[in-house]
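Report on the structure given below.
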Amino acid sequence: MADIRNNFIGIKSPNPFWLASAPPTDKAYNVERAFKAGWGGVVWKTLGEEGPPVVNVNGPRYGAIWGADRRLLGLNNIELITDRDLYTNLTEMKQVKKNWPDRAVIASIMVPCEENAWKSILPLVEATEVDGIELNFGCPHGMSERGMGAAVGQVPEYIEMVVRWCKQYSRMPVITKLTPNITDIRYPARAAKRGGTDAVSLINTISSIVSVDLDNFAPMPTVGGKGSHGGYCGPAVKPIALNMVAEIARDAETHGLPISGIGGVTTWRDAAEFLALGAGNVQVCTAAMTYGFKIVQEMITGLSDWMDAKGHRTLDDIISRAVPNVTDWQYLNLNYVAKAHIDQDLCIKCGRCHIACEDTSHQAITNFVDGVRHFEVMEEECVGCNLCVNVCPVENCITMEPLAAGSLDKRTGRIVDPTYANWTTHPNNPMARQAAE
């Protein structure tokens, strides 16, 4: 049976599923129930500095994007960090860690970008005996306007500086949470590594407005007739998160830096994909808020069963396995040729493949043959884009079939070349021509 115990930068938990810093981890009551449900760890909702607590809005805090079946695809969140007293949180954290010594408890922290602010809060957190700290450099709303959260995460020099303070004034492992609201995620990750961080976590929420109330003409959620940008999360952000995780995992300067993957993890498969792209564990928020804490049981069972079926004994067999296969476009094999194929026994003759190809692609799929409704790929027109695969409602009805080396590509009239060739050496590439001259 697969062993899914997790050891992330020395922080042990019975599985790789942690709850991210968010409303589900705001208090001991929630965290205790989460641990009973099976979560391997939690990152406590972000703590602020000592003094008057942060004030949250008292009206709607979430906007949403739904699929056609009303399934939640994304949330827009305008809630801030914890609005509970610092010492109440610290007391509860200490007790929870005492009650659950085998689970990971991480303190998320966000204080002003001043050395004394960090120097003051770190000993208080350390006294709780939690397993580590996560530096919240990601929040894109409310706190960023006060010079914290994403306002720090968007400036690599600030990231490096604060991480150095935390390593100087604390013994605890440091996880640096990165904002996705930046052009190139590698730069803040490199800065965190230079500062001495033990790991990074990403992504935090994406700055967004998800919808507009067309009766009141105000962004949603609307508070007293006005709306604001917030942080976008949920299944819709997963592709962005996977890309950013992979960028850090394969970057020469950050290769080997432990990563806690966050962003749209809803199923065991999502988690496995993050692990394969270099994450050492995953953090979950929106799925728990949508389906409840017990969703982790499906994640645990699904991951374990898949690992058993594939012969993966431990998480180390999965982590980073896909990283070597992530490359830049210029290195893709331009001699590889594939064509779409429609399984006539599975085809329901809905016509979606034809209309997608006919109107927006390459006019490579029939709709009538000899006066009868019939959908078939015309190889002499198919460029292998696989749009038809993605719009087909029947799983595996349309597949992409590679052409064997030496066979004829009817579209180009050329024989498929077995050798690997990419854009860096292609005769149409002006840079390649210059190098050859």
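The values are calculated or read from the model by the stated rules, or taken from the named source; none is laboratory data. Here the structure is a predicted model, which means the values were calculated and not measured. Note that each Cβ is placed from the backbone with ideal geometry, even for glycine, and that neighbours are counted across all protein chains shown. Surface areas here come from the heavy atoms of the whole protein model, side chains and all, with no ligands, DNA or RNA. Shrake-Rupley method; radii C 1.70, N 1.55, O 1.52, S 1.80 Å.
Scan segment 330-339 and give yes if some residue there is free of Cβ contacts under 8 Å to residues at least 60 places away in the same chain and open to solvent by less than 30 Å² (accessible area, probe 1.4 Å), otherwise no.
no
Report yes if some residue within segment 271-287 is more than 19 Å from the chain's Cα centre (by Cα) and open to solvent by 40 Å² or more (accessible area, probe 1.4 Å); otherwise report no.
The initial filter retains those residues of segment 271-287 that are more than 19 Å from the chain's Cα centre (by Cα), namely none.
No, segment 271-287 contains no residue that is more than 19 Å from the chain's Cα centre (by Cα) and open to solvent by 40 Å² or more (accessible area, probe 1.4 Å).
Of the residues that sit in segment 378-437 and are out of contact with any strand residue (DSSP E or B) (no Cβ under 7 Å at 6 or more places or on another chain), charged (D, E, K, R) and within 30 Å of Glu358 (Cα to Cα), which one is surrounded by the fewest Cβ atoms within 10 Å (Cβ to Cβ)?
The selected residue is Glu395.
So which residues in segment 160-184 are part of a loop (DSSP other than H, G, I, E, B) and of a type in the set (Ser, Thr, Tyr)? Give the steps one after another, and end with the answer.
At the first step, the residues of segment 160-184 found to be part of a loop (DSSP other than H, G, I, E, B) are 170-173, 178-184.
Selection gives Ser170, Thr179, Thr183.
Do any strands (runs of 3 or more DSSP E) entirely within segment 1-96 hold 2 or more residues that are in contact with a Phe, Trp or Tyr (Cβ under 8 Å, 6 or more places away or on another chain), and if so, which?
Here the list reads 17-19, 41-47, 72-77.
Among the numbered criteria (1) open to solvent by less than 30 Å² (accessible area, probe 1.4 Å); (2) touching a residue at least 40 places away in the same chain (Cβ under 8 Å); (3) aliphatic (A, V, I, L, M), which one does Val152 miss?
All conditions are met except number (2).
Among the candidates Ala246, Ala252, Ala236, single out the residue that is crowded, with 18+ Cβ neighbours inside 10 Å and within 20 Å of Asp184 (Cβ to Cβ).
Answer to the check: Ala246.
Can you spot a residue in segment 306-324 that is open to solvent by 60 Å² or more (accessible area, probe 1.4 Å), over 23 Å from Ala20 (Cβ atoms) and under 18 Å from the mean Cα position of the chain (by Cα)?
Within segment 306-324, one or more residues are open to solvent by 60 Å² or more (accessible area, probe 1.4 Å), over 23 Å from Ala20 (Cβ atoms) and under 18 Å from the mean Cα position of the chain (by Cα).
In segment 346-366, is there at least one residue being in a strand (DSSP E or B) and open to solvent by 70 Å² or more (accessible area, probe 1.4 Å)?
Step one: filter segment 346-366 for residues in a strand (DSSP E or B), giving 365.
Among the residues that remain, those that are also open to solvent by 70 Å² or more (accessible area, probe 1.4 Å) are: none.
No, segment 346-366 contains no residue that is in a strand (DSSP E or B) and open to solvent by 70 Å² or more (accessible area, probe 1.4 Å).
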